[in-house]
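To start, the structure under review is shown below, and the notes come after it.
The values are calculated or read from the model by the stated rules, or taken from the named source; none is laboratory data. All of these numbers come straight from a predicted model, not from anything done at the bench. Neighbour counts are summed over all protein chains in view; Cβ atoms, including those assigned to glycine, are modelled from backbone coordinates with ideal geometry.
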Amino acid sequence: MQRRLSKRQQQQDATKSPDATAQPVEQQQKTEANDKRRGSKTTLHTPSILIALVCILPFLATVVLFVRYYYESNNDDSINRLSNSLHDHESISSTLKYDNRIHENGRLRPEDHIHRGAITQTLNWSVTAGQRRPDGVDKRIYLINDMFPGPSIEARSGDTLQILVHNNLEDEQISLHWHGLNMRGANTMDGVIGVTQCGIQPGQSFWYNFTISETQSGTFWYHAHSAVQRADGLYGSLVVHRPDSTLVSPNERSEMVSDSVKYGYDKEIVLMIGDWYHRTATDVASWYLWWGSMGYEPVPDSLLVNGAGRFNCSRAVRARPLDCIGSADEMPPLILDGNSSYRVRVVNTGSLTGIILGFAPGTSIQVITIDGGNPVEMEAVDGGRSSVGILFPGQRVDFVLRPLKGQTSWMTVKMDDSYVSPYTLYKTAELSVSSDFTIGNPALVPQQSFPIFQTPLPSDSLPSSPTAQSNNTNDIEEDDIININTLPSTRTLLSSLPPKSEQTHIVYTKVEKLSRLDNIPHGFFNRTTWKIQSDPPYPLLGLPRNQWDKHQFAVSTGNKNGWVDLVVNNLDEGAHPFHLHGYNFYVVDIYESPEGSGRWGSYNPWTSPSFNENIDPYDLTKAVLRDTVQIPRRGYAVLRFKADNPGVWLFHCHVMWHLAGGMAMVIDSGSGDDSVAHEPWLAEEGMECRV
């Protein structure tokens, strides 16, 4: 049966040229000659076309990256928020006149804790999500008891914390980690899904019950260790005060004085400072964990101090509309008593960038501890400097601030240059930048100044403040920065460091884009990229090591409580801040290969020319005790710790996107048998995790 042609097909057939075989011979010869000429031209132009395509492909790839990053994944959500904002213009504007969030979220009351004995604190938390404007931009964030950041915890050494966490989210599991606490005897409370517990499912609750060690005090924090929720605000401060000497046994009383007397300060505040994204962390992570990102980290949009900031609405990218209100000059102030000196406890809560904190010239700063209560020695040359840094994600620093009296001044936060977009950097001759980003974020202002006001404040209006978001005002000078990454621990702390370790383990880490993983960037330790244990679906703590799945890379320290050297070789082109759960470690050596040298910078002590099994090759007088260390690009760090805290402890990069890509491993301490679990009851039938 013959198919009937449509009218359009009949019209097209009617307009076609007659078949070539029906043409005269002369016409056919002309046609063949023309075809040959066209063919020769095509052959001649083919190399030029190929060269042009090769040249234009990188440009097209960049365009695709830009469109995907700034438009595709979040445009619909942004438009919906424009019409469904939960906070109206007038209510927010009225509170901006006296935006007291930095002060309210940072106030500490050490006097309520240092003079009492150890107690049990019982807290009841409800985790929800809601729309808020931390920096004037409406965003869905996580809340604890309707608060962002979450409630501050103040305790003293020896206190027991009992925290009942209710998950009132609709479809997300959660967990909380107590960053920096050793959690001795409480590995099950460490809060890592797939390692120490299952996630807290929607509608369910979990009791975190642990006792803070009598030997631990300092600045800590808690945050989500589930998916990427930390980047959307699921965190808060945790300060452990050292008890007053009157509560210590008579044999120790003569050696101890209160911190306020020892360091000469009157009051305390905590500042949680970090980068901030206007898109949800899930959207940001999905962009990074995509082959087209090529492994380039997503650039943040803003920064927050104690959950408060001010975004310049005029800098919003047009392709990604924001529900943004407020003026860029309405920066929330830091309010201090002009007659007091302060212990300032700073936590980098960010997902990517390091920070430098600067104050007006003439302000006095004395760095006293890092990463909790680990005291450090300030160098004499640092006296008179008024800036401190670089503080990387997860790290903390405490310093005594003696502000300028009777003057309005400022606190400037500057993002680490190595993570700042090249499109938004200040154009000054002194600034030398090596950016890790191919695409930029024109919305970001990487240096912002927050006014410091001194009490008493006038009742009608706040004093005028310095320019808040300027590219050349309140600049932090490089020679005015106290480099906290070169400060050694005090002699008292170093006296506990043995001259040589009993074990040495070497690991290699890198972000790679492999074809077998669809060219999606994944973090690796020794060829293993970490994922939550799924086969069988129980926490690692409940399984013997011979039942862990292929995504678990572990260093086992055995059960002898000996000193261990962990040599971490970073083969990446970028640095990584690594955090170890359950332990503090001494950084006994750290190295970065010179720019342009072509060296990988890796280190194997057994093949080193200076190797001598009887002599330790490190200068231990420069060692520093901490729990989070920035390991340089193409470099290494040697971390020494005493493996006396039995359990399974995560060691991971604290860049949110790298952890989401699997840059993690575990330290298995106190177990010498692959067939025996630390906590077998966690793997009983009916207790499977939802992975």
(Q) Any residue at all in region 238-253 that's under 24 Å from Ala129 (Cα atoms) and either touching a helix residue (DSSP H, G or I) at 6+ places or on another chain (Cβ under 7 Å) or modelled with pLDDT of 95 or more (or both)? (A) yes
Q) Got a number for residues in region 162-183 being assigned to a strand (DSSP E or B) and either modelled with pLDDT under 95 or surrounded by 20 or more Cβ atoms within 10 Å (Cβ to Cβ) (or both)? A) 8
Q | Residue check for Gly354: modelled with pLDDT of 95 or more and in contact with a Gly (Cβ under 8 Å, 6 or more places away or on another chain) | A | yes
Q.
Restricting to region 523-545, name every residue that is modelled with pLDDT under 95 and either outside any loop (DSSP other than H, G, I, E, B) or closer than 27 Å to Pro298 by Cα (or both).
A. Arg527
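Please go through region 207-219 and give me each residue that is part of a loop (DSSP other than H, G, I, E, B), in contact with a strand residue (DSSP E or B) (Cβ under 7 Å, 6 or more places away or on another chain) and surrounded by fewer than 22 Cβ atoms within 10 Å (Cβ to Cβ), ordered by number.
Just the residues of region 207-219 that are part of a loop (DSSP other than H, G, I, E, B), to begin with: 212-217.
Filter once more, so that each one left must be in contact with a strand residue (DSSP E or B) (Cβ under 7 Å, 6 or more places away or on another chain): 212, 216-217.
Hit for region 207-219 is Gln216, nothing else.
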Q: State which residue pairs qualify: first residue not assigned by TED's automatic domain parsing to the domain that holds Val270 and assigned to a helix (DSSP H, G or I) and inside region 230-250, second residue at pLDDT 95 or above and surrounded by 21 or more Cβ atoms within 10 Å (Cβ to Cβ) in any location, beta carbons under 6 Å apart, and separation of 6 or more residues or different chains.
A: none
Q. If only one of Ser314, Ser293 is assigned by TED's automatic domain parsing to the domain that holds Arg107, of a type in the set (Ser, Thr, Tyr) and surrounded by fewer than 20 Cβ atoms within 10 Å (Cβ to Cβ), which one is it?
A. Ser314
**Q.** Condition broken by Ser341, with the remaining ones in (1) at pLDDT below 90; (2) farther than 18 Å from Ile390 by Cα satisfied
**A.** (1)
Q: Kindly provide the set of residues from region 535-554 that are of a type in the set (Gly, Ala, Ser) and surrounded by 21 or more Cβ atoms within 10 Å (Cβ to Cβ), ordered by number.
A: Gly542
Q) Would it be correct to say that Gly647 is of a type in the set (Gly, Ala, Ser) and either in the same structural domain as Phe220 (by TED's automatic domain parsing) or surrounded by 20 or more Cβ atoms within 10 Å (Cβ to Cβ) (or both)? A) yes
(Q) Looking at region 342-367, I want the residues that are more than 22 Å from Phe453 (Cα to Cα) and assigned by TED's automatic domain parsing to the domain that holds Ser387 and have a partner that is among the polar types (S, T, N, Q) and surrounded by fewer than 24 Cβ atoms within 10 Å (Cβ to Cβ) with Cβ atoms under 6 Å, at least 6 apart or on another chain. Which pairs are those? (A) none
Q. If you scan region 346-381, which residues turn out to be charged (D, E, K, R) and surrounded by 24 or more Cβ atoms within 10 Å (Cβ to Cβ)?
A. Asp371
Q: Looking only at region 215-236, count how many residues are under 30 Å from Asp259 (Cβ atoms) and among the charged types (D, E, K, R).
A: 1
Q.
Which pairs turn up if I take residues in region 647-675 that are of a type in the set (Asp, Glu) and look for partners that are buried (at least 24 other Cβ atoms within 10 Å of the Cβ) with beta carbon separation below 6 Å, at least 6 apart in sequence or on another chain?
A. Asp668/Val648
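Based on this model, can you work out whether Asn519 counts as at pLDDT below 95 and either of a type in the set (Val, Ile, Thr) or under 27 Å from the mean Cα position of the chain (by Cα) (or both)? Break it down into steps so the answer makes sense when it comes.
Numbers: at pLDDT below 95: yes; either of a type in the set (Val, Ile, Thr) or under 27 Å from the mean Cα position of the chain (by Cα) (or both): yes.
Here the answer is yes, as Asn519 does meet what is asked.
Tally the residues that are under 18 Å from Phe553 (Cα atoms), of a type in the set (Asp, Glu) and modelled with pLDDT of 95 or more, restricting the search to region 662-691. Break it down stepwise before answering.
Here is the first cut: in region 662-691, the ones under 18 Å from Phe553 (Cα atoms) are 662-678.
So of that shortlist, the ones also of a type in the set (Asp, Glu) come out as 668, 673-674.
Checking which are modelled with pLDDT of 95 or more leaves us with 668.
Selection size over region 662-691: 1.
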Q | Test result for Val511, closer than 28 Å to Asp589 by Cβ, hydrophobic (A, V, I, L, M, F, W, C), surrounded by 19 or more Cβ atoms within 10 Å (Cβ to Cβ) and in contact with a helix residue (DSSP H, G or I) (Cβ under 9 Å, 6 or more places away or on another chain) | A | yes
Q. Filtering region 617-661 down to residues that are among the polar types (S, T, N, Q) and under 16 Å from the mean Cα position of the chain (by Cα), which residue is nearest to Asn559 (Cα to Cα)?
A. Thr628
Q. Considering only residues of region 558-596 that are in contact (Cβ under 8 Å) with a residue 40 or more places away in the chain and of a type in the set (Gly, Ala, Ser), which is farthest from Val676 (Cα to Cα)?
A. Ser593
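Within region 531-574, take every residue that is basic (Lys, Arg) and over 27 Å from the mean Cα position of the chain (by Cα) and give me the one that is farthest from Glu512 (Cα to Cα). Give the steps one after another, and end with the answer.
Residues of region 531-574 basic (Lys, Arg): 531, 545, 550, 560.
This time we only want the ones that are over 27 Å from the mean Cα position of the chain (by Cα), so: 545, 560.
Working: Arg545: 26, Lys560: 35 Å.
By that ranking, first place goes to Lys560.
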Q: Kindly state which strands (runs of 3 or more DSSP E) lie completely within region 617-691 and contain at least 2 residues that are under 30 Å from Ser286 (Cα atoms).
A: 628-631, 635-642, 647-653, 664-669
**Q.** Cβ-Cβ under 8 Å pairs, at least 6 apart or on other chains, region 185-206 side crowded, with 21+ Cβ neighbours inside 10 Å, far side basic (Lys, Arg) and at pLDDT 95 or above
**A.** Gly194/Lys531
Q) Out of all the residues in region 490-505, is one or more in a loop (DSSP other than H, G, I, E, B), among the aliphatic types (A, V, I, L, M) and under 30 Å from Gly295 (Cβ atoms)? A) no
Q.
Within region 254-266, take every residue that is surrounded by fewer than 15 Cβ atoms within 10 Å (Cβ to Cβ) and not in a helix (DSSP H, G or I) and give me the one that is modelled with the lowest pLDDT.
A. Ser254
